[in-house]
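Just below is one structure, and these are the notes that go with it.
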Amino acid sequence: MAVQGSGEWQVTAVAPARLQGDLRYVELEPIANEADQLVPISLRFGSHPHLRMYGRKLRSLLQRPWDVVHGWEEPYVVACMQIARRVQPDARFVPATFQNINKRYPPPIDSVERHVMDRADAWIAFGQTVYDTLRDRRGYAGKPSRVLSPGVDTDAFRPDPVARTRMRRVLGWTSDEPVVGFAGRLVEEKGVDTVLQAFHGSKQRWNVLFVGGGALAPRIESLRLQHRSRVRLVRHVGHSDMPDYLRAMDVLCAPSRTTARWKEQFGRMLIEAMACGVPVVASDSGEIPYVVQDAGILIPETDLAQWTERLDRLIADAAMRTQLAVRGLARVRAEFSWPIVARRHLDFFEEVLAR
């Protein structure tokens, strides 16, 4: 939520004090010296993403004279409808969405989305595939919209050779053998099996680091027991610790696989790895090609032979890895750093207010 005055914006961020994430409960962590006011708020039905609701504090917060209320809840969830119903008539309401599949929701979810978008003055697509999917949909079509992206803290996520060496020692790797990494949910649609098959089929020798958790963790643990010196699985990693784990990698793999109900919506680990100077090799699922462009290597998600071949080639070519790292850093700093992303949001809000 934001107020514009004298050409400057005052921003208040309202977020759950505690939220059940994909793998664990996440506590709200204020960031030192942030240029906004952070207000924690309680949740009800927090274990159900579509049904959760904010506590009573939301009503009083939304009664303040905001110029713009920017909703980060998906338009088809009850929490977003709760915000839409409480926004004051004079405020501009701008929801945002990652939904890049044209899903038809059953009752009552369809009425939730309809109610939210009827109230919306504009909307933000967190990616080109999101915009292409929703721009002609009822409630979205004809309203001001903008393709914007999440961002990355390039002060926290940055190259650091000393931290890289330290983390590799923590992991038990003191040699210069290349490390291929994976970060995220350990589930089928994230392409974990692609990494495992490339490891088994590779003609090059490399170590592999998995950072995350999920249903396929036992499969990775089995591989670790077979290759104790070459495989690491690290779970329960806080976001503030991710830069160190990413820096320990020579290559980040993002082999997401499209399903009937999901395709990659963005891939935050891509911009975080690039910000740390780590080359990325990624599939062509969903939004990934728009995020990576020519700053990494894109591979058809189902071409397992090419995954092994391209990883082998990259592992053997340090100069190519350096070139990709430089391009990735340049792309992140120009397109995804927090100041860039924030300015683009505020520019859009100013356009919406001017209408």
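Just so it is clear, none of the values below were taken in a lab; they were calculated from the coordinates. No experiment lies behind these values; they were computed from the predicted model shown. Don't worry about glycine lacking a Cβ; one is built from the backbone with ideal geometry, like all the others, and counts go over all protein chains shown.
Miscellaneous remarks
- Among beta bridges identified by DSSP and lying wholly in the chain, the antiparallel ones come to about 25 percent.
- Ordering Tyr131, Tyr290, Tyr25 by the number of other Cβ atoms within 10 Å of each residue's own Cβ, fewest first, gives Tyr25, Tyr290, Tyr131.
- Of the trypsin sites (Lys or Arg not before Pro) found in region 177-280, those that fall in a DSSP loop while having at most 12 other beta-carbon atoms within 10 Å are Lys203, Arg205, Arg228, Arg261.
- Two-decimal Rg/Rh across region 74-190, once Rg and the Kirkwood Rh are taken from alpha-carbon atoms: 1.18
- Charge dipole magnitude, Cβ of K and R +1, D and E -1 - the chain, Cα centre, debye nearest 20: 800
- Annotation note: trypsin sites (Lys or Arg not before Pro) in region 20-97 located in DSSP loop regions with a Cβ neighbour count of at most 14 within 10 Å are Arg24, Arg56.
- Ranked for footprinting exposure by Cβ neighbours inside 10 Å, fewest first, Leu353, Leu311 give Leu353, Leu311.
- Distance between region 157-228 and region 276-336 - C-alpha centres, whole angstrom: 17
- Two-decimal log10 I(q)/I(0) for region 161-334, as the Debye equation yields it once each C-alpha is a single scatterer, q = 0.09, 0.15, 0.17, 0.19 Å⁻¹: -0.26, -0.78, -1.04, -1.37
- Cα gyration tensor shape for region 1-85, rounded if a/c is under 1.5, else prolate or oblate: oblate
- Exposure proxy order (Cβ contacts within 10 Å, fewest to most) of Ile288, Ile297: Ile297, Ile288
- For the chain, the square roots of the Cα gyration tensor eigenvalues, ordered a ≥ b ≥ c, give a/c of at least 1.5 with a/b greater than b/c, which places it in the prolate category.
- All other residues whose Cβ lies under 15 angstrom from that of Phe199 are scored, Lys and Arg at +1 and Asp and Glu at -1, for a net of +2.
- Summed side-chain charge close to Arg224 - residues other than Arg224 whose Cβ falls under 14 Å, Lys, Arg +1, Asp, Glu -1: +4
- Farthest toward the positive end of the dipole of region 307-349, out of Val332, Met320, Thr308, is the Cα of Val332, where the dipole comes from beta carbon charges about the Cα centre.
- Listed by chain and number, the lysines placed with their C-alpha closer than 27 angstrom to that of Lys203 are Lys190; residues fewer than eight positions away on the same chain are left out.
- Percent of beta bridges antiparallel (DSSP, region 161-334, rounded to nearest 5): 0
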